[in-house]
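Below is one structure, written out as structure tokens; the observations come after it.
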There are 2 protein chains.
Amino acid sequence: MDVKTLCLGVLSMGERSGYEIKKTVEESFHHFFRAGYGSIYPALAELERAGHVAGREVAQEGRPAKRVYGITATGRDLLGRTLVGEEPRHVVRSEFLVLMYFAHLLPAERLAAVLDTMIARFRDGLAADLDHYARTHDQLTAGQRFALGYGRTVVAAALDYLERHRETLLDEVTVSDASGRPQAGDALAAAGD
Amino acid sequence: MDVKTLCLGVLSMGERSGYEIKKTVEESFHHFFRAGYGSIYPALAELERAGHVAGREVAQEGRPAKRVYGITATGRDLLGRTLVGEEPRHVVRSEFLVLMYFAHLLPAERLAAVLDTMIARFRDGLAADLDHYARTHDQLTAGQRFALGYGRTVVAAALDYLERHRETLLDEVTVSDASGRPQAGDALAAAGD
DNA sequence: GTGAACATGTAACGGGTTACATGATTGC
DNA sequence: GCAATCATGTAACCCGTTACATGTTCAC
């Protein structure tokens, strides 16, 4: 599934500009999908060329004009066929966890900073999520509630894990650092002093 | 963080061939990283050109010869600097969840099949994980236990969520399908009959 | 002898990210 | 005037995926 399909999906819920599509993706898909302008605008242009969406200029007061797109019949058809036809991928790519795997190669302060960054990120994401859900849950489809609930549940579990194991990891790594085995982190910390 | 850094990290735990690196990644990183031969072998070649790893031919009995790589001093240095220098990314890209978000556009049987596929995948992954962990936990570093534990915890939470909400989603989507609103899924299901 | 696991590579392709480029409008 | 938000786009680049290509050894 590419950004083109995502755009079709978002547009199937109502007309939007490229800018607004990105907003929707950030609000509703942020736990499991992301798309930048550099992929959204070209996707929209290509979809319009192929007749799957139709754009029109809309003037606004107090804001620059925007170009809103609506999905066409062939677009809806393509969306349905694409969703049915693709086997569902689910990929996590976490350099954060690779970093944790090699925690013994990191200076303790850096390790703590990384953990705190991730904890803060998850905490903020979850709060924004809960807020968004509270404001929209009564107008969501079953599928939307399911997908959003999945994101919330999993992030909550991740956050809980990080909070509960932060201290332990920090303690254990510090102990083994002090045990005399030379570590890349030690060398770097020494070089940094 | 790219596959080159990953290879350096794996090799920092001991000498390995490209084939064996892939095995290690599959066993230990499968919840949060993946790498194919098409990225591992070129990464190794480039690392060797730069002097960060050194390869040597090793004959085996009962098996084809292999080329095992060891990390060099400069490689270890580069690994340490790379790990310290990068801000930790953590990206989930789930076409599965996008599919669930648009569940109302899917025929009910397809929706059930997708859910069952994902449940089975998570179940199998978790079992393999538990098995691997049971066999290695006493020789893992704190960081490795932390990263592996994170993966296990999060996948277990995800699996639990899927199992607990599968029926509800299926019921709710079926009900709204039958309520008279035309759906893309209906059209496709009808076309398929 | 055939399939599975072991083992190593190359080359094209695709798609997303990043950086660049521009401009309107509001509020401070 | 300047920062922030709204708004749209392009082009180069990176890097990972996929497909292709090849060969060994074992077990059935």
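If a/c stays under 1.5 just call it rounded; otherwise compare a/b with b/c (prolate if a/b is bigger, oblate if not). Do that for chain B, with a ≥ b ≥ c from the square roots of the Cα gyration tensor eigenvalues.
prolate
From the Cα trace of the range B:95-174, what convex hull volume per residue do you get, rounded to a whole Å³?
Working: hull volume 6.6 nm³, N = 80.
Roughly 82 Å³ of hull volume per residue.
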Check your understanding: Any idea what the relative contact order of chain A is, in percent, if you count C-alpha pairs under 8 Å spaced at least 6 apart?
Key -> 21 percent
**Study point:** Listed residue (A:Thr117, A:Phe146, A:Leu106) projecting farthest to the positive dipole end of the range A:95-174, Cβ model
**Key:** A:Phe146
**Study point:** Debye log10 I(q)/I(0) at q = 0.16, 0.22, 0.23 Å⁻¹ for the range B:8-100, Cα point scatterers
**Key:** -0.75, -1.21, -1.29
Review point. Between chain B and chain A, with a rotation axis joining them, whose C-beta in B is nearest that axis, and what is the whole-Å distance?
Key: B:Ala157, 2
Review point. What is the order of B:Met1, A:Met118, fewest Cβ neighbours within 10 Å to most?
Key: B:Met1, A:Met118
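Taking R0 as 51 Å, what's the FRET efficiency between B:Leu140 and A:Leu140 from their Cβ-Cβ distance, rounded to 0.05?
On the way: r = 42 Å, r/R0 = 0.82.
About 0.75, to the nearest 0.05.
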**Study point:** ³J(HN,Hα) computed for each position of the range B:59-73 - Karplus, 6.51 cos²θ - 1.76 cosθ + 1.60, integer Hz, glycine/proline x
**Key:** 6, 10, 9, x, 8, x, 4, 10, 10, 9, 10, x, 7, 9, 4
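Within 14 Å, Cβ to Cβ, of B:Phe32, how many net charges do the neighbouring residues add up to if Lys/Arg are +1 and Asp/Glu are -1? Walk me through the intermediate numbers first.
Numbers: positive: A:Arg93, B:Arg34, B:Arg89, B:Arg93, B:Arg152; negative: A:Glu95, B:Glu26, B:Glu27, B:Asp129.
Once positives and negatives cancel, what remains is +1.
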Revision key, fill the gap. For the range A:154-171, in residue order, the Karplus 3J(HN,Hα) values (coefficients 6.51, -1.76, 1.60; θ = phi - 60°; whole Hz; Gly and Pro = x) are 5, 5, 4, 5, 5, 4, 4, 4, 4, 5, 7, 10, 4, 4, 4, 4, 4, 4
Check your understanding: How about B:Lys4: which lysines have a C-alpha closer than 28 Å to its C-alpha, ignoring those fewer than 8 places off in the same chain?
Key -> B:Lys22, B:Lys23, B:Lys66
Study note, to complete from the structure: Whole-Hz Karplus couplings 3J(HN,Hα) for the range B:79-85, θ = phi - 60° and coefficients 6.51, -1.76, 1.60, Gly and Pro as x, run 4, x, 5, 5, 4, 6, x
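Bear in mind these aren't lab numbers, they're just calculated from the coordinates by the rules spelled out. Predicted model only: the values in this text are computed from it and were never measured. Methodologically, a virtual Cβ is constructed for each residue, glycine included, from the backbone with ideal geometry; neighbour enumeration extends over all protein chains shown.
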